[in-house]
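Okay, structure first, notes after.
The values are calculated or read from the model by the stated rules, or taken from the named source; none is laboratory data. Model, not experiment: these values are computed from the prediction. All Cβ positions, glycine included, derive from the backbone under ideal geometry; neighbour counts span all protein chains shown.
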Amino acid sequence: MITIEQRAEFRKHFRNNISSRQAMDKIVKGIVFGCVALAIIPLGSILLEVVRQGAPALSTDFLTQEPGAIGSDQPGGIGPAIQGTLMLIGMSSLVGVPVGVLGGIFLSEYGNNRYGNTIRFFNDVLAEFPTIVIGLFAFIAIVLTFGSFSIIAGTFALSIIMLPIITRTTEESLKLVPVTYREAGYALGIKRWTVITRILLTSAKSGLVTGIMLSVARIAGETAPLIFTILGSDNFFMAFDQPMDALPLRIWRLSLLPYDSATMQGWGAALVLILIVLTLNIGVRYLFLRKRGGGRFRITAGG
């Protein structure tokens, strides 16, 4: 039998244990919130500085005209750079997203073997590659082969940069889907490819969209590969085998000029680039993730 003294001692020990756990919980929460603040403060300061310096440069002419003579009364705009950035993002996504998603599906569903481990290893190595090396590779493979800088060469380089990010996030997102989802589909006699496309990809949609948008944000601000591939131009799009401008290239070139007007245009171009990436993120997430019940599905037996 437990005596009254033992019960009182147990209750005291239990209360002390709860108090120590609550204190530790508060300490950990404080550390986490402090780390979040440390990450947000520099990011917020950068955004505020870009908005403060770049907003005065924004105008209809700045967003639509071709570059003029920097330092003169008509410095022009960044219209070709905006067009080139949008084209590069779109064309690179058309190549990189399908290949990256298919690669992630293979590694998640068929890659539990030495071939999958080999692909996974090289995918991780490619993710750590300096982008300037990828640009140099595209220069040798595309520019020297066809004899001209072009948006095709830029698309080739940026697609390679996108691939490892999308492949890895797709694989990890699919692995987070419970095994019971797969087993339920197989138990109903559904074909494996149908289970993957109709159940797994639907359930992992949030992770897939996040990975795709991370890769888009990565390539949107790349400058080094574009120096070797599209070179830059003051004209709007003329042909797929001709040089093209892009916002990162335009920002880099403007930053080298010793004129106040060039500096202001550089800040304005940086603000436009941030707004493009932000708009793409919000738009894509709204289109694909606005229905939180997207994981529900209806499939007939047999696929």
> Among the listed residues 174, 136, which satisfies the condition of being in contact with a Ser or Thr (Cβ under 6 Å, 6 or more places away or on another chain) and either more than 14 Å from residue 92 (Cα to Cα) or surrounded by fewer than 18 Cβ atoms within 10 Å (Cβ to Cβ) (or both)?
Replying inline: 174
> Taking residue 218, is it over 29 Å from residue 138 (Cα atoms), in contact (Cβ under 8 Å) with a residue 24 or more places away in the chain, part of a helix (DSSP H, G or I) and among the charged types (D, E, K, R)?
Replying inline: no
>> For the structure I just gave you, tell me whether residue 97 is among the aliphatic types (A, V, I, L, M), crowded, with 18+ Cβ neighbours inside 10 Å, under 18 Å from the mean Cα position of the chain (by Cα) and over 21 Å from residue 229 (Cα atoms).
In response: no
>> Just to be sure I understand the filter: pairs with C-beta atoms under 7 Å, separated by 6 or more residues or on different chains, first member in segment 252-266 and free of Cβ contacts under 8 Å to residues at least 40 places away in the same chain, second member in a loop (DSSP other than H, G, I, E, B). Which pairs pass?
In response: 252/223; 253/232
> Do you know which residues across segment 37-90 are assigned by TED's automatic domain parsing to the domain that holds residue 221 and at pLDDT below 90?
Replying inline: 68, 69, 70, 71, 72, 73, 74, 75, 76
> How many of the residues making up segment 221-248 are of a type in the set (Ser, Thr, Tyr) and in a helix (DSSP H, G or I)?
Replying inline: 1
>> Looking at segment 159-184, I want the residues that are assigned by TED's automatic domain parsing to the domain that holds residue 198 and have a partner that is surrounded by 17 or more Cβ atoms within 10 Å (Cβ to Cβ) and outside any helix (DSSP H, G or I) with Cβ atoms under 8 Å, at least 6 apart or on another chain. Which pairs are those?
In response: 161/222; 170/204; 171/111; 173/204; 174/204; 176/204; 177/204
> Any residue at all in segment 220-236 that is surrounded by 17 or more Cβ atoms within 10 Å (Cβ to Cβ) and touching a strand residue (DSSP E or B) at 6+ places or on another chain (Cβ under 7 Å)?
Replying inline: yes
> Any idea how many residues of segment 252-283 are modelled with pLDDT under 90 and crowded, with 16+ Cβ neighbours inside 10 Å?
Replying inline: 1
> Would segment 112-120 turn up any residue that is among the β-branched types (Val, Ile, Thr) and within 30 Å of residue 198 (Cα to Cα)?
Replying inline: yes
> Given the conditions (1) assigned to a loop (DSSP other than H, G, I, E, B); (2) without any contact (Cβ under 8 Å) to a residue 12 or more places away in the chain; (3) not hydroxyl-bearing (Ser, Thr, Tyr), and given that residue 90 satisfies all but one, which numbered condition is not satisfied?
Replying inline: (1)
> On the given criteria, is residue 128 closer than 22 Å to residue 285 by Cα, under 18 Å from the mean Cα position of the chain (by Cα) and acidic (Asp, Glu)?
Replying inline: no
